[in-house]
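Participant: Here you go, one structure.
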Amino acid sequence: MLNFLTQLFETSDIVVPRQSVDGNERLAPYLIECELINRDEWNGIAPEFDVNVAMKAAHVLLLFCRAVVYRELDEGFVSDQLASIALPETSTATVFYSADLTLRFLPDIYDRLCRTTSEDPLLPVLLLCAKLWPLSTVGIPDTAPGELPDCMFHESLFGTYVDRVIQRRDAGRCTDARVGDAVKAAIGDHRFLAPQLADELAKHAP
């Protein structure tokens, strides 16, 4: 696990291990170091960091990477493993922020799965997981929550979320009126920054 994360954060060459190794005593300190770097680059004042959530999220990311590379790990295996990892379902700003340290790479996994077919049996499992983590999965189609949970309106989380919606041109996230209004305000008169997104928002303007 530690080698995988080191490659993920520090290099462009990632070797996905066939087995997930638990209990690495160096994993928590490494994630804490990575979070400090992330915090320095974060939009505003980040929520508190929960390293236990971050470790579980890292195992979720590795699980999906393993399933993409080693196709004998089918969707049933992935679903069972997700249940055993048990990321917290009751989310707070701290949980969303801590999980995002690694779950922000889920859109890359989605893109990888869609390169060959839109009917990959792993996709429904990934989409189901992605719907639970709106901050981290902007850009993955059909995963926008109908309404953001209240904790996502933490100032720095919401600012980061809106930035990602604009960067990834994810108009589906703007069905929440508060998100749509924030995106419009951020784009302002500079629609050339995200013309497709601006056009989509204009279609639904009152």
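Read-outs: derived from the displayed coordinates by stated rules, not from any lab. Owing to the predicted nature of the structure, the values given are computational and were not obtained by experimental measurement. Methodologically, a virtual Cβ is constructed for each residue, glycine included, from the backbone with ideal geometry; neighbour enumeration extends over all protein chains shown.
Participant: Here are labelled values, (1) 16.9, 65; (2) 17.3, 61; (3) 17.4, 55, and one is the computed Rg and Dmax of the Cα atoms in Å for what I pasted. Which one?
Facilitator: Step by step, Rg and Dmax of the Cα atoms in Å for this structure corresponds to label (3).
Participant: Once you have the Cα-Cα distance between Ser84 and Glu72, take 0.36 nm times their residue separation minus that, and quote the gain in nm to one decimal.
Facilitator: Stretched out fully, the Ser84 to Glu72 stretch lengthens by 2.4 nm.
Participant: For Leu36 and Ser12 in one chain, what is 0.36 nm times their gap in residues minus the Cα-Cα distance, to one decimal in nm?
Facilitator: Numbers: separation 24, 0.36 × 24 = 8.64 nm, distance 2.07 nm.
Once the chain is fully extended between Leu36 and Ser12, it gains 6.6 nm.
Participant: Here's a follow-up. May I ask you to evaluate 6.51 cos²θ - 1.76 cosθ + 1.60, the Karplus curve with θ = phi - 60°, for each residue of segment 135-141 and list the ³J(HN,Hα) values in order in whole Hz, giving x for glycine and proline?
Facilitator: Values per residue, Gly and Pro as x: 4, 8, 10, 4, x, 8, x Hz.
Participant: Tell me, Kirkwood radius of segment 90-152 from alpha-carbon pair distances, in Å?
Facilitator: By the Kirkwood definition, the hydrodynamic radius is 12.2 Å.
Participant: Whole angstrom only: what separates the Cα centroid of segment 148-168 from the Cα centroid of segment 71-146?
Facilitator: 18 Å
Participant: So what is the relative contact order for the chain, in percent, with contacts set as C-alpha pairs under 8 Å and at least six apart?
Facilitator: Answer for the chain is 17 percent.
Participant: Which residues does the label zone of Ile45 cover in segment 134-163, counting backbone N under 14 Å from a point 7 Å along Cα→Cβ?
Facilitator: Residues 154-157 qualify, since their backbone N sits under 14 Å from the label point.
Participant: To continue, here is another question. Where does each of Ser98, Ser79, Ser12, Ser84 land when they are ranked from fewest to most other beta-carbon atoms within 10 angstrom?
Facilitator: In increasing order of surrounding Cβ atoms, one gets Ser12, Ser84, Ser79, Ser98.
Participant: Still on this structure: Given the Cα-Cα distance of Arg115 and Lys131 and 0.36 nm per residue of separation, how much length would full extension add, in nm?
Facilitator: Here the answer is 3.7 nm.
Participant: Using θ = phi - 60° and the Karplus relation 6.51 cos²θ - 1.76 cosθ + 1.60, list the HN-Hα couplings for segment 68-75 in order, rounded to whole Hz, with x at every Gly or Pro.
Facilitator: Result, ordered by residue: 5, 7, 10, 6, 5, 7, 7, 5 Hz.
Participant: Ignoring everything except DSSP H segments at least 4 long, calculate the 222 nm mean residue ellipticity for the chain; use -39,500 (n - 2.57) per segment, divide by total residues, nearest 500.
Facilitator: Roughly -17000 deg cm²/dmol at 222 nm, from the helical runs in the chain.
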